[in-house]
Each structure stands twice: as structure tokens, then as C-alpha cells.
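The values are calculated or read from the model by the stated rules, or taken from the named source; none is laboratory data. Note that the coordinates shown come from a computational prediction; the quantities given were computed from them, not determined experimentally. Neighbour counts run over all protein chains shown; Cβ positions are idealised from the backbone, glycine included.
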Amino acid sequence: LAVWSQVPQAPEDAIFKLTYAYKADQYDRKVNLGVGAYRDDDGKPWVLPSVKQAQTALIADESVDHEYLSITGLAEFTSSAAKLILGGDSAAIAEKRVASVQTISGTGANHLGAVFLSRFYGFEKFGVERQIYISNPTWANHKAIFNSVGIKPVDYPYYDPKTIALDFEGFTNTLRSAKNQSIFLLHACAHNPTGVDPTPEQWQQIADIFVEKGHFAFFDCAYQGFASGDLDRDAGAVRHFVARKSIPLLICQSFAKNAGLYGERVGALHVVSATPEQSAAVLSQLAVIQRSEISNPPAFGARVVKMILTEPKLYAQWQADVKKMAGRIIDMRQRLFDLLTKQLKTPGNWDHILKQIGMFTFLGLDTDQCKRLLEEGHIYLTANSRISMAGLTTKNVEYVAGWIDKVVR
Ligand code: PLP
């Protein structure tokens, strides 16, 4: 029974720990701005009307059974998911150069992509270290995912705390100085945790360097539709890279946020190759990895998303749903900004609240200020001052602004 005596206690996950602390808090004005999950204006989880319609139809459909999906998942789901991110007119899809596999949401896509690279990327051949460049900062799980497969995560400059904006020079300098054929992880849109994205012109310059250097682009796309409310616009960077043809890349896609299907674990990995033959070989190897890890992905959420993506009426409803979520978040940005700058006249510049994109805002507060927000204000946020805009509502935004004002003065 002493076999586990050498197992050290692991620290709790920082984000989920915040949620538990929030739930245990008895204060009636407490606010949870920690976790990146959409909430409606009453602070409640929202089942999208498009999702509700699809699931109701699915449950009523007596021909739906509970057999295994194939190893690579529901084919109509993966093919329509590929079209969603790459565009209905994608040359890569038409030329059969995209290998798509259904995954356990975005996390599973990142993991499957990481395992695939660890087995098949030509690190030795290209003379590059077994490493991946990740933005500083990034989604906390990226480090853990790559470390677990023996690919070392290395930071590239991304966010400049002085300007509360993109460190474009630092980022592009690293792209240029890295060895040719290095792997870089890119957030497709609505960067987590900073909400800071390159402009379309900057993406073009970044793509130019990828072409020049032969770098591999590992796109993580967890927020398509959340950045602008427009699914096509938010796929702009990915589509631009794919159109360049010579940039080797893959895309991790999650439907957790844009379909509100967090717990159903719906996602896909799309690997783009140079030829249909390579693509078929890649797909066969992805299937081998998937078999040993999960055998077959879960069916329900993938069926829901497949219906939404393939039935025009449901798709139109979903577009409206996504727009509504993004719109509420953009409204909250404006309200928080107005309260701080016009009403409270809080010291400092708060333009970044409006400029940042997607679910999160990096307030630019220090750790002591964040601690006061949490301990005195009962406002739950991460210690790097990231707040989830989706946790703000018309009912709590004044309270939150008041506390930000208090800790800044
Ligand atoms: N990648 C990024 C950047 C994220 O922010 C998230 C979720 O927060 C994910 C991937 C994956 O999330 P999920 O596994 O729930 O799809």
C-alpha cells in the first residue's frame, strides 16, 4: 500500500480553482470573471437556440443509435467543420489536401496535433530542436500539452505590458531569428489571454516570414465567431496562410465556445498537406494515434454541430446566435470603458478595453490590485488581470468598474 507514497500533491488548476472559490463565496455581489465561458445578461449559461433546435430534432429521431463513430469521427461533421474554417471555396479542400479528424474539443485537437508532430515532424532532418514557439503569454494548457509529448514550449514575445498591445517587433524578430522550419503556435483569432490580435496587414507580414523561413504554423482556433461576430472574418488569418500554399500548417478547432458546447467536447484537427497522397498518409497515421488514445470520439455534440453546419436554416440561426454572443461582449467592453473613462474618471488609459478582441480583456493591473479585487471586491479574475468579458452583465458592470477604480487610485 506504500506504492504511491512518493507521489507529490499536484497544484490545483489555477482557473478551475477560481471557479470553486467563487462557488464557495457567500457574498451576494460576487462576480466570476475567471473562466472563459459565455454567460447571458443574467449571468447564466446559454444554450444557443440553434443548438436547442438541433438537439431536439436529434433526440426525436428514432434512427439515431449509439453505435461507435469511426476512429476519425463523424465524416459529415469533419468535412463541414473543415469548410467552416477554411471556407466553402477552399482550394486545399477541393484538392483533397486536408486530413480532418474529430477530436475531444480544442484541447484534444491540440494534443493530437502535438503527438502527430512529435512522431512525424522532421526535427532531426531539419536540424531544429524538439520545441514549439508559443506566445508569451498563452493559454496555460499549451505548455502542459507540449511538455507531455516531449516537445519543449519556448516563449516568443507577443504582448507588451508597457503598451498593453502587440509586441509586433519582438514577435517578428523571433520569427526571423528562429532556425528555418521551426514550429510556431498561433492563435487564429481572439488571443487567449490577452485579447490582442495582429491586424490583417500584420498577419500578411507574419505569413511572409513563414514563407521565407519555411516555418510550420500550428493554428489554435478556439474562438471563431467570438472575435467579430462574423465566422468568416475570424477565419481570415488561417485562410490567408492556407492560400499561401507553401506554408506547412495544421488547425485545431473547438466548438466549445462558438456553439456553447463546452461539456460535449466537439472539435477537430485539420492537417493541410502538399498533395492528396500525403494527406491520405497523414490521415492514416492520425487514425492510428487516435485509436490508441480514445478509440472513437463522442457522437452527440458532433451530430448537433453537423446538423447546424449542413442545414441552411439552422446555420442561419447559428450565425445569429454567434453574433448575439459577440455583440453582448462588445457592448460590455463599451460599458466598462464608458464607466471608467466618463463616469468614474479612473486614472490611466483604458483604450485597450475597446481594442482587445473576443472573450478576454487584459486589464493591465498588477498582482496586488488583482488580489484586492478578489479579496475585497469578491471579483474573481486571474492574477495576470485577465477578465472574461462574458462574465460582465448590465447588472454587475458598475460594481466591477467601481472596484477597478478603487484599486487603481
Ligand atoms: N485553445 C485556446 C486558446 C483556448 O482558450 C481553449 C479554451 O479555453 C482551448 C484551446 C480549448 O478548449 P476546449 O478543449 O474546451 O475546446
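Tabulated values for the structure
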item	result
Among residues of the range 155-185, those that are within 19 Å of L250 (Cα to Cα), surrounded by 17 or more Cβ atoms within 10 Å (Cβ to Cβ) and not hydroxyl-bearing (S, T, Y), counted	5
Residue satisfying all of: in the range 206-233; without any contact (Cβ under 8 Å) to a residue 40 or more places away in the chain, farther than 29 Å from A259 by Cα and crowded, with 20+ Cβ neighbours inside 10 Å; nearest to the ligand (Cβ to nearest atom) among these	I206
Matching residues, the range 148-161, being in a strand (DSSP E or B) and among the hydroxyl-bearing types (S, T, Y)	Y156, Y159
Selected residue (only one of A99, A92 is part of a helix (DSSP H, G or I), under 21 Å from R239 (Cα atoms) and away from the ligand (no atom under 12 Å from the Cβ))	A92
Extreme residue, farthest from Q278 (Cα to Cα), among residues of the range 117-136 that are under 24 Å from the mean Cα position of the chain (by Cα) and not in a helix (DSSP H, G or I)	N136
Qualifying positions in the range 103-143 - within 16 Å of the ligand (Cβ to nearest atom), surrounded by fewer than 17 Cβ atoms within 10 Å (Cβ to Cβ) and touching a residue at least 60 places away in the same chain (Cβ under 8 Å)	A140
Selection count, the range 346-388, where residues are closer than 26 Å to L166 by Cα and either of a type in the set (K, R) or touching a Lys or Arg at 6+ places or on another chain (Cβ under 6 Å) (or both)	7
Odd one out for A188 among (1) away from the ligand (no atom under 16 Å from the Cβ); (2) buried (at least 20 other Cβ atoms within 10 Å of the Cβ); (3) in contact (Cβ under 8 Å) with a residue 60 or more places away in the chain	(1)
Flag for G236 being small (G, A, S), over 19 Å from A114 (Cα atoms) and more than 13 Å from the ligand (Cβ to nearest atom)	yes
Residue tally, condition in contact with a strand residue (DSSP E or B) (Cβ under 8 Å, 6 or more places away or on another chain) and either of a type in the set (S, T, Y) or modelled with pLDDT under 95 (or both), over the range 224-257	1
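The rows are residues; the columns are (1) over 24 Å from L86 (Cα atoms); (2) not in a loop (DSSP other than H, G, I, E, B).
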site: T138; (1), (2): no, no
site: F146; (1), (2): yes, yes
site: F171; (1), (2): yes, yes
site: L186; (1), (2): no, yes
site: D197; (1), (2): no, no
site: E201; (1), (2): no, yes
site: Q204; (1), (2): no, yes
